[in-house]
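One structure is given below, encoded as structure tokens.
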Amino acid sequence: MTRWLDDDEQQTWRAFLWTSRLLNESLDRQLQRDSGMPHTYYVILAMLSEAPGRRLTMTELARVVRSSPSRLSHAVTRLEKEGWVRRVPHPTDRRTTMAELSDEGFTTLVEAAPGHVEAVRRHLFDPLTREQVLQLREILRAVLPALDTEDEAADIFGPA
């Protein structure tokens, strides 16, 4: 038997759906306008910047940016053309390729970050009180485990 959404759940679902879509579209527009890159590329550069040696295997990178290997490979090819990322062989496994953030890519990320953070703050955090921000975090903490069945985002919230 189907458990249909009640009116409150339906309104909440639609608000969540529209808010998440509009937020992602807004962040993408801001990055395209100000830095000439889509949000997806910014996330790739950011994840590489946080990795040891600013490099990850293509498999690890696909996992942390939640991308299929083929979609990630296409994105990395575009980032290579910009000079922001390069593919390098794994130091101990010749069958594995790593993506490495170049100095130029790091500089591009550093230049893009302030505008991106300001857009995140303006669209997500500024409309909320501090109490609402903490409530949102707790709500997301409750929802995430049902979606993250492989516990890939275990450290996303930091220490409890």
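The set of residues from segment 87-105 being over 11 Å from M58 (Cα atoms) and either at pLDDT below 95 or under 20 Å from the mean Cα position of the chain (by Cα) (or both) comprises P91, T92, D93, R94, R95, L101, S102, G105.
From the residues in segment 23-38 that are in contact (Cβ under 8 Å) with a residue 60 or more places away in the chain and under 24 Å from L136 (Cα atoms), which one is nearest to the chain's Cα centre (by Cα)? Reasoning before the result, please.
First, pick out the residues of segment 23-38 that are in contact (Cβ under 8 Å) with a residue 60 or more places away in the chain: 23, 26-27, 30-31, 34-35, 37.
Going one step further and asking which of them are under 24 Å from L136 (Cα atoms), we end up with 23, 26-27, 30.
Values: L23: 13, S26: 14, L27: 11, Q30: 15 Å.
Out of the qualifying residues, it is L27.
I'm checking my understanding of the structure. Among residues of segment 43-72 that are over 16 Å from the mean Cα position of the chain (by Cα) and farther than 20 Å from T107 by Cα, which one is surrounded by the fewest Cβ atoms within 10 Å (Cβ to Cβ)? Top of the filtered list is S70. Between R86, R55, the distinction of being touching a strand residue (DSSP E or B) at 6+ places or on another chain (Cβ under 6 Å), on the phi < 0 side of the Ramachandran plot, free of Cβ contacts under 8 Å to residues at least 24 places away in the same chain and basic (K, R) belongs to R86 only.
All told, L45 meets the bar of being in contact (Cβ under 8 Å) with a residue 60 or more places away in the chain and among the hydrophobic types (A, V, I, L, M, F, W, C). Just give me the residues in segment 94-136 being within 23 Å of T40 (Cα to Cα), free of Cβ contacts under 8 Å to residues at least 12 places away in the same chain and β-branched (V, I, T), in sequence order. If the condition is that a residue be within 23 Å of T40 (Cα to Cα), free of Cβ contacts under 8 Å to residues at least 12 places away in the same chain and β-branched (V, I, T), then T107, V110, V117 are the ones that fit.
The values are calculated or read from the model by the stated rules, or taken from the named source; none is laboratory data. Keep in mind that what you see is a predicted model, and the values were worked out from it rather than measured. Here Cβ is always computed from backbone atoms with ideal geometry, including for glycine, and neighbour counts include all displayed protein chains.
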